[in-house]
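Since the structure comes first, as structure tokens, the remarks are kept for the end.
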Amino acid sequence: MSKDYYTILGVEKGASKDDVKKAFRKKASQYHPDKKTGDEEKYKEVTEAYAVLGDEKKKAEYDTYGQSFNGAAGGGNPFGGGGFDFSGFQQGGVEFDINDIFSQFGFGGGGQRQQRGRDVSIDINLKFDEAVFGITRKVLLTKNNECRTCTGTGAKPGTETKTCNTCSGQGKIHEQRQSVMGSFSTVRECSMCHGKGKIPSEKCGNCAGAGVARAEEEIQIKIPAGIQNGEVIRLTARGEAIPNGQPGDLYIKIHADSHATIRREGNTLSTTLPVKLTDALLGSTYSVETLDGSIDIKIPAGVNHGELIRIKNKGVPGDYGRGDFMVKVSVETPKKLSRKAKKLVEELKGEGI
């Protein structure tokens with residue numbers, strides 16, 4: 001029974017070459033035997049369909065004659081008992097890069113996936129007020145950085161590059177491989193020139209041609225105002241560098257100290273203010289220590305124990321201005337009274353106070 005290759009790939013008959021290739025990659029990724037959703041028979045079918053529809057000449061013959069033309073598998077077993085020959089992908093200008101499929105579902109290959117250097121993690125300790133108002137810190141890290149001598153080229157300054165002999169300047173290595181389904185060709189990045197096709201005629205003496213070298217680097221870190229204890233700051237591409245790849249990231253974990261008298265909750269700061277009983281009854285003025293210095297506040301007559309007095313805009317800076325500073329009144333009751341004081345309190349008691 002003749003197979004409908006267009007239906008197998010899920011494309012229309014007039015689909016472009018790019019659409020056919022995209023459809024094949026999607027189906028191959030879905031049915032690859034190494035995946036949970038894999039189906040070896042369907043994988044063979046989509047591979048066979050792409051071998052035909054991905055080749056202009058074979059596609060034209062298939063559109064005219066159907067599956068009976070010579071380029072098709074022909075017969076009940078399209079793989080002829082000996083496995084499908086992936087070398088057909090190289091004919092007629094159709095190149096099959098197995099890495100294009102494998103890289104889509106995590107099998108390495110990854111000719112299109114740029115490598116990254118290692119991430120670096122450090123810890124920074126901050127004082128309470130530094131976490132509230134923010135600060136700029138400088139840290140000195142020893143790590144792999146882009147070579148300062150050759151600026152990452154790997155070549156000795158003033159020298160030229162030459163064609164890579166390993167890949168003949170292509171930047172890629174084509175290899176013929178054998179599998180249970182036959183022979184196929186893979187394409188990988190040249191490890192000698194890292195895909196550039198050129199190598200230094202004379203290597204940099206500082207990095208031995210690698211383009212990266214271990215060195216100290218001073219990094220300036222801007223700690224934003226209002227950062228919380230335990231938060232992490234990420235600096236993109238400030239981690240370890242690697243040849244012909246993207247540097248890793250730098251992660252900074254914040255450890256903020258506590259304060260002896262001031263507490264923080266979100267953008268609000270608070271403290272407890274001891275107030276004498278007589279001042280609570282009659283009212284008074286007290287000095288409160290904030291992160292902005294001492295501030296005088298009025299204690300209203302008759303204030304209750306635990307009552308809060310708000311000082312506006314003296315809290316933690318945020319996107320919409322600063323929070324508030326809350327003062328919690330703690331009325332102190334004397335534990336011992338003199339005879340005179342006791343008599344006065346008894347008089348107050350007699351008045352119902």
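Has region 149-171 got at least one residue that is over 30 Å from Leu291 (Cα atoms), assigned to a strand (DSSP E or B), hydroxyl-bearing (Ser, Thr, Tyr) and modelled with pLDDT of 85 or more? If you could, list the steps in order and put the result at the bottom.
Here is the first cut: in region 149-171, the ones over 30 Å from Leu291 (Cα atoms) are 149-171.
Checking which are assigned to a strand (DSSP E or B) leaves us with 155, 161-163.
The next check asks that each one be hydroxyl-bearing (Ser, Thr, Tyr); those that pass are 161, 163.
Cutting the leftovers down to modelled with pLDDT of 85 or more gives us 163.
Yes: one or more hits.
Only one of these is part of a helix (DSSP H, G or I), surrounded by 14 or more Cβ atoms within 10 Å (Cβ to Cβ) and at pLDDT below 50: Phe89, Phe79, Phe107. Name it. Spell out the reasoning first.
On the way: Phe79 fails: part of a helix (DSSP H, G or I); Phe107 fails: part of a helix (DSSP H, G or I).
Just a single option satisfies the conditions, and that option is Phe89.
Only one of Asn229, Asn206, Asn165 is among the polar types (S, T, N, Q), under 25 Å from the mean Cα position of the chain (by Cα) and either surrounded by 14 or more Cβ atoms within 10 Å (Cβ to Cβ) or farther than 16 Å from Pro243 by Cα (or both); which?
Values: Asn206 fails: under 25 Å from the mean Cα position of the chain (by Cα); Asn165 fails: under 25 Å from the mean Cα position of the chain (by Cα).
Matching residue, one of Asn229, Asn206, Asn165: Asn229.
Go through Glu307, Glu332 for me and flag whichever is among the acidic types (Asp, Glu), under 25 Å from Thr272 (Cβ atoms) and buried (at least 16 other Cβ atoms within 10 Å of the Cβ). First the steps, then the outcome.
Values: Glu332 fails: buried (at least 16 other Cβ atoms within 10 Å of the Cβ).
Just a single option satisfies the conditions, and that option is Glu307.
Would it be correct to say that Ser185 is modelled with pLDDT under 90 and exposed (fewer than 14 other Cβ atoms within 10 Å of the Cβ)? First the steps, then the outcome.
Numbers: modelled with pLDDT under 90: yes; exposed (fewer than 14 other Cβ atoms within 10 Å of the Cβ): no.
In short, no.
Could you list all residues from region 131-162 that are surrounded by 19 or more Cβ atoms within 10 Å (Cβ to Cβ) and in contact with an Asp or Glu (Cβ under 9 Å, 6 or more places away or on another chain)?
Ala131, Lys143, Asn144, Asn145, Gly152, Ala155
The values are calculated or read from the model by the stated rules, or taken from the named source; none is laboratory data. Remember, it's a predicted structure, so these values are computed and weren't measured experimentally. Because the Cβ atoms are built from the backbone with ideal geometry, glycine has one as well, and the counts that use them run over all protein chains shown.
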